[in-house]
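The values are calculated or read from the model by the stated rules, or taken from the named source; none is laboratory data. What you see is a predicted model, and the numbers here were worked out from it, not measured in a lab. Note that each Cβ is placed from the backbone with ideal geometry, even for glycine, and that neighbours are counted across all protein chains shown. Only protein heavy atoms, including side chains, enter the accessible area calculation; ligands, DNA and RNA are left aside. Shrake-Rupley method; radii C 1.70, N 1.55, O 1.52, S 1.80 Å.
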Amino acid sequence: MNEVDVVIVGGGQAALATAYFLRRTGLSFVLLDAEEGPGAAWRHGWESLTLFSPAQWSSLPGWPMPPANGYPSRDHVIDYLARYEARYKLPVVRPVWVQAVRRDGSSFLVEADGGRTWRSRAVVSATGTWRHPYVPAYPAQESFSGVQIHSAHYRHPRDFAGQRVLVVGGGNSGAQIMAEMAGIAQTTWVTPSDPVFLPDDVDGRVLFEQATARWQAMQQGLPVPERSAGFGDIVMVPPVAAARRRGDLVSVRPFTGFTPTGVVWPDGRESEVDAVIWCTGFLPALDHLQPLGVLDAEGRIAVDGTRSVADPGLWLVGYGDWTGFASATLVGVMRSARSTAQEIGETLSTDSHDQS
Ligand code: FAD
């Protein structure tokens, strides 16, 4: 049995940023990560995936992301995360798949594959969303004999060369995958409404600044500025801008259901389809927390800041606005990570004094 003050489940940007600040508390901690190497979800991104913010707007606390040639690539992010954890000597153990987190009196038992167990006084869950892709349900979906994959598992357009492909979803993933499929596969883009393309000069940095201004106004009870752009809107990274100029980013409204060999459209027409790529988002990966009884019917956990309301020894970092404003982004996770580490430091030192 391994014993530490704090177990962090995960080894991505949220886990690393939290660990960066935990080092300052003097507490012992470990990061348990399911991946074979550094880079977390970015290891699974498609080959051409690029960030939609410049490098200087994609940095974790302490050490800025080195400049990239244009928007940073997937591999640039993986390299940054690998060097980040080495730079700060963060104690990441991998691969470790955490199966269950249980209460054992005042401490937690963290159970992983291979019968490995850690005992801790606090747990930070930073498992992200990439391992929990969301696919909407459609009638007769199970009867469809073609390929269905989520963007979480999409790699390269050559895997679909010459095929009839539906790309479903009107966000950045759908647009980026559509952009590189054109001319390689026979693609149809399916979106619930017309996609929102941002002006060419609006990237992740501008989105972050606008969202921050709205968030700060809300915190201070001031009038909230109009929302002119959102994180779900499509950033015109160069391949997407080029595809739109070519006329390759035209979308149609969703089909109503599947047939064994394709889909049915609202007017009753049927199309033969070889593959569907779901670019339909993600849900938090929280299964390992089931034994704590903290998940609600929607699979969410009630938090005060980043701290579980039902179990105050548990913190959640990086899942989205519900665990901290913009916390599911590289640059946005710092605030949540810092406040979480501070709160854990204060809580565990108070507990120690109470016991002495
Ligand atoms: P993850 O990176 O998912 O890390 C979680 C880690 O925990 C993984 O290593 C995982 O294997 C591990 N894990 C999960 N469950 C367990 C378990 N039970 N036991 C042990 N380990 C476990 N953000 C930006 O800032 N800029 C962008 O331009 C940007 N572009 C994006 C483009 C796409 C297509 C997507 C999908 C996301 C993008 N994001 C972007 C969002 C965001 O940065 C990522 O979602 C980010 O990976 C979240 O980091 P994380 O550390 O919370 O989770």
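Using the crude model of +1 on Lys and Arg Cβ and -1 on Asp and Glu Cβ, and no other charge, please compute the dipole size for the chain relative to its Cα centre, in debye to 20.
580 debye
Take the alpha-carbon centre of segment 57-90, take the same for segment 13-30, and report the distance between them in whole Å.
17 Å
Pull out the extension gain between Arg338 and Asp113, defined as 0.36 nm times the separation in residues minus the alpha carbon to alpha carbon distance; nm, one decimal.
78.0 nm
Could you run the Debye sum over the Cα atoms of segment 213-313, one equal point scatterer each and no solvent, and tell me log10 of I(q)/I(0) at q = 0.12, 0.14, 0.24 Å⁻¹, two decimals?
Log10 of I(q)/I(0), two decimals: -0.87, -1.00, -1.22.
Scan the chain and report its longest stretch carrying no GluC sites (Glu not before Pro) that are both in a DSSP loop and have at most 10 other Cβ atoms within 10 Å.
In the chain, the maximal stretch lacking such sites is 37-225.
Over segment 91-231, what relative contact order in percent results from Cα pairs under 8 Å that are six or more residues apart?
Relative contact order for segment 91-231 comes out at 12 percent.
Longest span of the chain, sites excluded, free of trypsin sites (Lys or Arg not before Pro) in DSSP loop with at most 11 other C-beta atoms within 10 Å?
Result, exposed sites excluded: 90-226.
Would you mind telling me which residue in Ser106, Ser327, Ser145 has the biggest mean-square fluctuation in a Gaussian network model of the chain, where springs connect alpha carbons within a distance under 10 angstrom?
Of Ser106, Ser327, Ser145, the Gaussian network model singles out Ser106 as fluctuating most.
With Kirkwood's inverse mean 1/r over C-alpha pairs for Rh, give me the Rg to Rh ratio of the chain, two decimals please.
Ratio value, two decimals: 1.00.
If I compute solvent accessible area with a 1.4 Å probe over the protein chains, what percent of it on the chain is carbon and sulfur?
Solvent-exposed carbon and sulfur of the chain make up 50 percent of the total.
When Lys and Arg each count +1 and Asp and Glu each count -1, what net charge do the other residues less than 14 Å away from Gln176, Cβ to Cβ, add up to?
Overall, the nearby charge balance is -2.
For a bin width of 10 Å, list the pair-distance distribution of segment 1-71 built from all Cα-Cα distances, rounded to whole %.
Binned Cα distances yield the sequence 16, 41, 31, 10, 1.
Taking the Cα atoms of segment 118-197, what is the range of coordinates along each of the three principal axes, in descending order and whole Å?
Computed over segment 118-197, the largest-to-smallest principal extents equal 55, 34, 28 Å.
Could you calculate the contour length gain from Ala310 to Ser145, that is, 0.36 nm times the residue separation minus the distance between their Cα atoms, to one decimal place in nm?
Value of the extension gain: 55.0 nm.
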